Amino acid sequence: MCNFGDTKLSKFMHSKQLLERALKKEFLSAEEGQFLFKNTPTAELMFVANELRKMKIPGNVVTWQIDRNVNTTNACTANCKFCNFFRHPKHEDVYITDIETYKLKINETINYGGDQLLLQGGHHPSLGLDYYVKLFRELKELYPQIKLHALGPPEVAHICKIGGHTHLEALTALRNAGMDSMPGAGAEILSDRVRRLISKGKCSGQEWLDIMKVAHQIGLTTSATMMFGHIETIEERFDHLVRIREVQSQKPNKENGFLAFIAWPFMDDGTLLQRVKGINNNVSPDEYLKMIAISRIMLPNIKNIQTSWLTVGANTAQLTLHGGANDMGSIMIEENVVSAAGAPHRFTADSIQRCIAEAGFTPKLRDQLYEERKMPEMVEQVINY
């Protein structure tokens, strides 16, 4: 009969073997990842993740970006139980952003040194492919220097559904109209059990992945995400990571595919999940550090791991830079969706660089494709939201 000491030693040895394989950039199974998550100290996971980061991103650099989240519309039929931002399409507060508002926001973004719009919105029942093609073309004609990091798989699926388009038809038209890249919005957890309960009106996990495959095939760079810490199981988290890794393995060799992975904890403040189901965000700083480290370990074929300072704050984000993350993301001149669920943190161009430097790294401004960008002349943003 095995005693406690033998069991503890056995787990230690198995963790050691798995971490050695991870350092060789081998693909660990979902079950092996779960074992590490449950049985390996956070510090050991962070050490290995940091070594993997240094293999991918040599040097002592942490990147950051200046962009703005602009919402096309707040009307949405998806009825996600974690979203406080959306309004029913017939609600009196529904809006569709007009071109004059875009111009005002883009001009302000340029003054703040920004070079990109993160352009997303709800599933509006009347906004189809023609609308977004016209919008992207107009924005590119007015501001050819601004990159459009736009929509996401659920929005593309919605556009296809209401217009009868294939994924390839829609994505090709959007790319040709000026969409430069696509964020990994709406992944949440790619388990259909979870999606039925928290985001029933969105595309399935498989359709999310299928749309990303097509995007990669036609040369659109994307990112992948995960929102965790709500109703998902640990097993579902790791299945999510493995499925993303598989799609990245199938991208054309010359394409970036998923250029980054971003994980953040569910923000619960005032959401239906909290009010009706009693689901709260119980993700501790230690658990977030573990998930960032595990992401680096489980996703050796994705170059950049971004930390979510918006949801976890500066101090925890700084620690993740020593445990697998290499990117702080954007200062987000404007952000309305996650903030509506209680994310209180804010950065300016100056304060995000100080934060990175205080963590022991050299801050480096980047562009959409994670290439170094020369620091522009800019007006320092005043945080007023």
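The values are calculated or read from the model by the stated rules, or taken from the named source; none is laboratory data. If you're wondering where the values come from, they're calculated on a predicted model, not measured in any experiment. In this analysis, Cβ positions are derived from the backbone assuming ideal geometry, glycine residues included, and neighbour counts consider all displayed protein chains.
Key figures
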item: Test: residue 321 is over 28 Å from residue 198 (Cα atoms) and crowded, with 19+ Cβ neighbours inside 10 Å; result: yes
item: Any hit, the range 141-158, residues being hydrophobic (A, V, I, L, M, F, W, C) and assigned to a loop (DSSP other than H, G, I, E, B); result: yes
item: Total residues in the range 218-230, condition crowded, with 17+ Cβ neighbours inside 10 Å and out of contact with any strand residue (DSSP E or B) (no Cβ under 7 Å at 6 or more places or on another chain); result: 1
item: Elements of type helices (runs of 4 or more DSSP H) contained in the range 266-338, each with 3 or more residues being touching a residue at least 12 places away in the same chain (Cβ under 8 Å); result: 285-298, 309-312, 314-320
item: Residue in the range 121-135 that is farther than 28 Å from residue 195 by Cβ, in contact with a strand residue (DSSP E or B) (Cβ under 6 Å, 6 or more places away or on another chain) and not aliphatic (A, V, I, L, M) present; result: no
item: Conditions (1) crowded, with 21+ Cβ neighbours inside 10 Å; (2) under 17 Å from the mean Cα position of the chain (by Cα): number failed by residue 178; result: (2)
item: Enumeration of residues in the range 289-318 that are modelled with pLDDT of 95 or more, within 10 Å of residue 264 (Cβ to Cβ) and in contact with an Asp or Glu (Cβ under 9 Å, 6 or more places away or on another chain); result: 306, 307
item: Selection status of residue 110, within 25 Å of residue 330 (Cβ to Cβ) and over 26 Å from the mean Cα position of the chain (by Cα); result: no
item: Boolean, residue 30 is under 30 Å from residue 203 (Cα atoms), surrounded by 15 or more Cβ atoms within 10 Å (Cβ to Cβ), out of contact with any helix residue (DSSP H, G or I) (no Cβ under 6 Å at 6 or more places or on another chain) and hydrophobic (A, V, I, L, M, F, W, C); result: no
item: Residues located in the range 199-254, provided they are of a type in the set (Gly, Ala, Ser) and either assigned to a loop (DSSP other than H, G, I, E, B) or under 27 Å from residue 79 (Cβ atoms) (or both); result: 199, 201, 204, 205, 215, 219, 223, 224, 229
item: Flag for residue 222 being touching a helix residue (DSSP H, G or I) at 6+ places or on another chain (Cβ under 6 Å) and under 18 Å from residue 256 (Cα atoms); result: yes
item: Matching entry among 109, 172 (being polar (S, T, N, Q), touching a strand residue (DSSP E or B) at 6+ places or on another chain (Cβ under 7 Å) and either in a loop (DSSP other than H, G, I, E, B) or over 30 Å from residue 234 (Cβ atoms) (or both)); result: 109
item: Among the residues listed as 11, 38, the single one being closer than 26 Å to residue 236 by Cβ and at pLDDT below 90; result: 11
item: Cβ pairs under 6 Å, 6+ apart, first in the range 102-131 and under 17 Å from residue 179 (Cβ atoms), second outside any strand (DSSP E or B) and of a type in the set (Ser, Thr, Tyr); result: 106/143; 121/72
item: Qualifying position, being under 29 Å from residue 132 (Cβ atoms), among the polar types (S, T, N, Q) and not in a loop (DSSP other than H, G, I, E, B), among 50, 79, 69; result: 69
item: Pairs where the first residue, in the range 54-72, is under 30 Å from residue 98 (Cβ atoms) and the second is part of a strand (DSSP E or B) and of a type in the set (Gly, Ala, Ser), C-beta under 6 Å, 6+ apart; result: 65/330; 67/330
item: Residue ID - surrounded by the most Cβ atoms within 10 Å (Cβ to Cβ), chosen from residues in the range 65-110 that are closer than 30 Å to residue 352 by Cβ, out of contact with any Ser or Thr (no Cβ under 8 Å at 6 or more places or on another chain) and at pLDDT below 85; result: 86
item: Qualifying residue in the range 291-310 (condition: more than 16 Å from the chain's Cα centre (by Cα), of a type outside the set (A, V, I, L, M) and buried (at least 20 other Cβ atoms within 10 Å of the Cβ)); result: no
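Yes/no matrix, rows are residues, columns are (1) at pLDDT below 90; (2) hydroxyl-bearing (Ser, Thr, Tyr):
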| position | (1), (2) |
| --- | --- |
| 336 | yes, no |
| 341 | yes, no |
| 353 | no, no |
| 359 | no, no |
| 364 | no, no |
| 370 | no, yes |
| 381 | yes, no |
